[in-house]
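Below: one structure, written as C-alpha cells.
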Amino acid sequence: MNALEIRDLHKSFPGFSLEGLNLTLPMGCIMGIVGENGAGKSTTIKLILGALKADQGSITILGRDSREDVKLTKNDVGVVLDEMGIPECLNVSQVGRIMAGIFSGWQPDTYDSLLTRLKLPHGKPFKEFSRGMKMKLGFAIALSHNPKLLILDEATSGLDPVVRDEVVEMLLDFTREEDHSILISSHIVSDLEKLCDYIAFLHQGRLLLCEEKDVLLSRYGVVRCPLDVLDAMPRDSILRAKRFSYGAEALVLRDSAPQGYPVGPVTIEELFLFMVKEGY
C-alpha cells in the first residue's frame, strides 16, 4: 500500500491550472515538492486535504479514497500549514486540551515532551508567538495524535537554522517507523535535500518530474566550462545551459555526456533551476 496516490488531478482557477498531476508516495518515504511561488504546491496540498474540490482526478490516502473517508484526514494525517488557524487568545496548554477532544489518538505525554523539546512557553498566548514559535507549535500538534502521514506546507520557513535542523531530525525520527510517511513542500530546498527520498518538481501547474532523490543526483550532472567550450559541445548532449560573462554551466545526463568534459555534481536546487529554464 502507498501512503498517497494522486491520479490525473486537475484544478482550474482564473489565470492558473493544475494539469493532470500524478504522484505516488510509497509508505515509509518522504517526498518533497519543489516549485516557485504560484507553481501549485499549496493548491495540491489543499486538494489532498479536501479544502478544495478537484475538477477531475482521484486522491487515495493510506489506501482509502479521500472523498469517501472524511475522518481519515483528521485522525491519520498530521498537518502543518503556512497559517495555523489557532485562536490568538489560547496558550499551548489550552491548545492541548482542545486537541485532545478533536483527535481520538491524542497523546498528551508526547505533546508535553515536544513542547519542552521545542522550548515553547506554556503560559504565553498564541498572539504573542513569533512565526517560528507558531510553526513549532504546529509540529507539536501534528506529531501528537499518532498520524501515519504528515503533510507539511512551507513548514520550515520562519525557523532559524538551529531549529530547522532539529525539526529535520524530528521528521527523520518520525519516518523510522515503516508505516510513517511525509509529503513536504518548501522553498528551502536544502532541507528537502537532507530529508527526502523522492523529489517532485512542480512548475506553473505542471509536474516536470518525480523521481527518487538519489536517482536524480546520479543521473544528472553539470559541466562548468568557458563559453567557447560550451559552444563546441554537441548540442544533443546538453539538456539546459546557462551563460555568464565568466563562463557557462551545462546540465547533462551523465550516461550520455560527451567524453573529455568533466561532469560535476548537481544539487536539487540547481537541477530545478535548470529544469525551469526554457531552451538552450
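Since every read-out is calculated from the coordinates, none of them should be taken as a lab result. Remember, predicted model here, so these are calculated numbers, not experimental data. Cβ sites come from the backbone with ideal geometry, for glycine too, and all protein chains shown count toward neighbours.
Taking 0.36 nm per residue of separation and subtracting the Cα-Cα distance, full extension of the segment from residue 275 to residue 104 would add 57.2 nm.
Residue 277: which aspartates and glutamates have alpha carbons under 14 Å from its alpha carbon, excluding same-chain residues fewer than 8 sequence positions away? Output for residue 277: 36, 249, 269. Separation of the alpha carbons by more than 23 angstrom is noted, of 46/194; 119/213; 119/148; 74/134; 46/134; 46/74, for 46/194; 119/213; 119/148. Rounded to 0.05, the FRET efficiency of the residue 17 and residue 58 pair, given R0 = 30 Å and the Cβ-Cβ distance, is 0.95. Across 86, 59, 48, mean-square fluctuation computed from a Gaussian network of the chain (C-alpha pairs under 10 Å connected) peaks at 86. In the chain, the longest principal axis of the Cα atoms and the axis of helix 161-174 are about 80 degrees apart. The GluC sites (Glu not before Pro) found in region 1-79 that occupy coil by DSSP, while having at most 11 further C-beta atoms within 10 Å, are 68.
Residues of region 199-229 with the amide nitrogen closer than 12 Å to a label point 7 Å from the Cα of residue 267, along Cα-to-Cβ, please. Taking a point 7 Å out along Cα→Cβ of residue 267, no residue of region 199-229 has its backbone N under 12 Å.
Of the trypsin sites (Lys or Arg not before Pro) found in region 59-132, those in coil by DSSP whose Cβ has at most 10 other Cβ atoms within 10 Å are 119. Helix 92-102 and the long axis of the chain differ in direction by around 90°, with both axes built from C-alpha atoms. Taking label positions 7 Å along the Cα-Cβ direction at both residue 229 and residue 165, the computed distance is 3.4 nm, reported to one decimal. Cα centroid separation, region 41-115 to region 211-231: 39 Å. The Cα atoms of the chain cover 67, 41, 38 Å along the three principal axes, with the biggest extent listed first.
Would you please report the Å³ per residue occupied by the convex hull of the alpha carbon atoms in region 218-276?
About 80 Å³ per residue, rounded to a whole number.
For the chain, the longest principal axis of the C-alpha atoms and the axis of helix 108-117 are separated by about 50°. Note on residue 41: aspartates and glutamates with a C-alpha under 14 Å away, same-chain residues under 8 apart excluded, are 19, 82, 153, 154.
If you plug the beta carbon distance of residue 243 and residue 117 into 1/(1 + (r/R0)^6) with R0 = 41 Å, you get a FRET efficiency near 0.30.
Taking square-rooted eigenvalues a ≥ b ≥ c of the alpha carbon gyration tensor, is region 99-177 rounded, prolate or oblate, where a/c under 1.5 means rounded and, failing that, a/b exceeding b/c means prolate?
In terms of gyration-tensor shape, oblate.
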